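This report refers to the structure that appears directly beneath it.
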Amino acid sequence: AERVAGAVGRLLKRQSLPQSPSVTLTGVLALSLSLLHQFPLLQKDRDPGRRPDDLAAVSRVAGRYLGAGDPVLFLPVQMRNVALTYPGPFRGTRDIALVTGAAASGTLYGREAGAAEVRRRLASLDRVWVVADRTLLAGRWAPRNPVERTKAAVLRQEFVGREETVRGGVTVRLYVRPVSGLPVLPPRPPRPERW
């Protein structure tokens, strides 16, 4: 910002533009009108009801279900933004795929383990909470990333969905490993939620 201001200052010194208060006032007025015109649009963009993923609502759902030590899997990795934005309900949980957190890795969502390691970690679990893109879980799109494909494949092949809450485009679902010899029950339908 300082460089830009300095460059504009040097440019104005070179130009023979009038340095009158009316020119300055006109510029300030034009900038103010532009911002005033954009304000209602910016306000609408910040309305949680307009977002496809109401992160606060998803976080509240996670807070009702998750407990200390519970394993959590984010599918795809971008769903971790719920825990990064509203970390309270996720404190004390185990992020199954995470190797290095966002701050330590210098990335937006952190660094995840490779496909084989994620498969190994999931193999050691009897249950896992999944925060996922609803359309991905429904099979309407398939991720290109091999780690994301592995997560989806292991859940589909080795686990059964149980408790589930859907909020917009995000699903919070408990997956359990079926006990051998016992019949596999279909997942319960999502509970209606009050938001």
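The values are calculated or read from the model by the stated rules, or taken from the named source; none is laboratory data. It should be emphasised that the depicted structure is a prediction, and the values quoted were computed from it without experimental measurement. Here the Cβ positions follow ideal geometry from the backbone for every residue, glycine too, while neighbour counts run over all protein chains shown. Remember, those area values only see protein heavy atoms, side chains included, never the ligands or the DNA or RNA. Shrake-Rupley method; radii C 1.70, N 1.55, O 1.52, S 1.80 Å.
The table that follows gives values for the structure above.
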read-out: Residues that are surrounded by fewer than 14 Cβ atoms within 10 Å (Cβ to Cβ) and part of a loop (DSSP other than H, G, I, E, B), drawn from the range 60-109; value: G67, A68, G69, P87, R91, G92, G106, T107, L108
read-out: The range 110-144, residues that are under 16 Å from the mean Cα position of the chain (by Cα) and outside any strand (DSSP E or B); value: G110, R134, T135, L136, L137, P143
read-out: Residues located in the range 130-146, provided they are open to solvent by 20 Å² or more (accessible area, probe 1.4 Å), under 23 Å from D70 (Cβ atoms) and touching a residue at least 40 places away in the same chain (Cβ under 8 Å); value: D133, L137
read-out: Qualifying residues in the range 152-172 (those that are in contact with a helix residue (DSSP H, G or I) (Cβ under 7 Å, 6 or more places away or on another chain) and under 16 Å from V82 (Cβ atoms)) - the one most open to solvent (accessible area, probe 1.4 Å); value: R167
read-out: Flag for G161 being modelled with pLDDT of 90 or more, of a type in the set (G, A, S) and closer than 15 Å to Y65 by Cα; value: yes
read-out: Condition broken by A57, with the remaining ones in (1) over 17 Å from the mean Cα position of the chain (by Cα); (2) part of a helix (DSSP H, G or I) satisfied; value: (1)
read-out: Neighbours by Cβ (under 7 Å, 6+ apart or cross-chain): first from the range 151-178, part of a helix (DSSP H, G or I); second crowded, with 16+ Cβ neighbours inside 10 Å and at pLDDT below 90; value: A152/L136; A152/P143
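Per-residue answers, yes or no, for (1) open to solvent by less than 100 Å² (accessible area, probe 1.4 Å); (2) within 30 Å of V172 (Cα to Cα); (3) at pLDDT 75 or above; (4) polar (S, T, N, Q):
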{"residue": "A1", "(1), (2), (3), (4)": "no, no, no, no"}
{"residue": "V4", "(1), (2), (3), (4)": "yes, no, no, no"}
{"residue": "R10", "(1), (2), (3), (4)": "no, no, no, no"}
{"residue": "V28", "(1), (2), (3), (4)": "yes, no, yes, no"}
{"residue": "L31", "(1), (2), (3), (4)": "no, no, yes, no"}
{"residue": "H37", "(1), (2), (3), (4)": "no, no, yes, no"}
{"residue": "G49", "(1), (2), (3), (4)": "yes, yes, no, no"}
{"residue": "D53", "(1), (2), (3), (4)": "yes, yes, no, no"}
{"residue": "V58", "(1), (2), (3), (4)": "yes, yes, yes, no"}
